[in-house]
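Let me begin by handing over the structure; questions about it come next.
The values are calculated or read from the model by the stated rules, or taken from the named source; none is laboratory data. All values reported here derive from a predicted model rather than from experimental measurement. Neighbour counts are summed over all protein chains in view; Cβ atoms, including those assigned to glycine, are modelled from backbone coordinates with ideal geometry.
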Amino acid sequence: MFEIVAAVALVAPLAALTLRFWLRARRAEALLADGDRRHHELVRLAERDPLTGVANRRGFDRALDELQERAATPGSGALILLDLDNFKQVNDRLGHQRGDEVLRDVARAIRRRFRDTDLVARLGGDEFAVLLRDVDPQRAQAVADDLRARVRQACEELPLRRAVDASVGVAPLRSKAGDGAELVARADAAMYRMKLARRHGGRRRRFRPIDQLQLSSAD
């Protein structure tokens, strides 16, 4: 009997100590998990444009780097840059609050056209970008044409002298070793060519929205 009591007296403190360490370890794991969640939420907020809800420049740069690293063929993806033409008159004539509403409307019109695997970003002011995954150059150009039409449609009822339009530029990914800055420069050059052609009296192309345009990896 004495031996049993002695054994219990010896084991009980060890069991209590083990339980205490186990509880501390679980508490530490919970704190780490909560810290990870908070970190991811902070990262998400840091990469989100507060006005439109789409990605900001920081989120775009990170997604562009990731897409460039995975790109293996010209059909791996493309970048579309979009700049609103005649947007300044919205702020000048209708006020900055109405201008913010227009930017939100444009962002919604853009987001509705794309998959969760694509990225829509506002790079600043009235300039937007779309990163498309798993599309060839022809498909990317068709998407850009449809995108411009839908932006025009979203702004067509604004009481302005000149309609708000959009200039778009498309740059397909070239290879896995591609440079993100070079991709942006090509898309920007294509967008600028469209802007100049329209500004200097070039014939305006007519665009018709593609009803329920769907992008899929099978395209």
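Report yes if ASP136 is surrounded by 18 or more Cβ atoms within 10 Å (Cβ to Cβ), acidic (Asp, Glu) and in contact with a strand residue (DSSP E or B) (Cβ under 9 Å, 6 or more places away or on another chain), otherwise no.
Criteria not met by ASP136.
Additional query: Scan region 76-97 for residues that are without any contact (Cβ under 8 Å) to a residue 40 or more places away in the chain and surrounded by fewer than 14 Cβ atoms within 10 Å (Cβ to Cβ) and jot them down.
LYS88, ASP92, GLY95, HIS96, GLN97
For ASP100, indicate whether it is among the acidic types (Asp, Glu), in a helix (DSSP H, G or I), assigned by TED's automatic domain parsing to the domain that holds GLU157 and at pLDDT 95 or above.
In short, yes.
Another question, if that's okay. Mind listing just one residue for me: the one in region 55-75 that is buried (at least 17 other Cβ atoms within 10 Å of the Cβ) and in contact with an Asp or Glu (Cβ under 7 Å, 6 or more places away or on another chain) and, of those, modelled with the lowest pLDDT?
Top of the filtered list is GLY75.
Against the conditions (1) outside any strand (DSSP E or B); (2) under 19 Å from PRO172 (Cβ atoms), where does VAL130 fall short? Just the number, please.
(1) is the only condition that VAL130 fails.
Got a sec? Which of ALA163, ALA149 is closer than 21 Å to ALA197 by Cα and outside any helix (DSSP H, G or I)?
Of ALA163, ALA149, the one residue that is closer than 21 Å to ALA197 by Cα and outside any helix (DSSP H, G or I) is ALA163.
Looking at (1) surrounded by fewer than 16 Cβ atoms within 10 Å (Cβ to Cβ); (2) farther than 20 Å from MET194 by Cβ, which is the only condition GLU156 fails?
Answer for GLU156: the failing condition is (2).
Condition test on ARG122, is it surrounded by 14 or more Cβ atoms within 10 Å (Cβ to Cβ) and over 19 Å from ARG193 (Cβ atoms)?
For ARG122, the condition - surrounded by 14 or more Cβ atoms within 10 Å (Cβ to Cβ) and over 19 Å from ARG193 (Cβ atoms) - is met.
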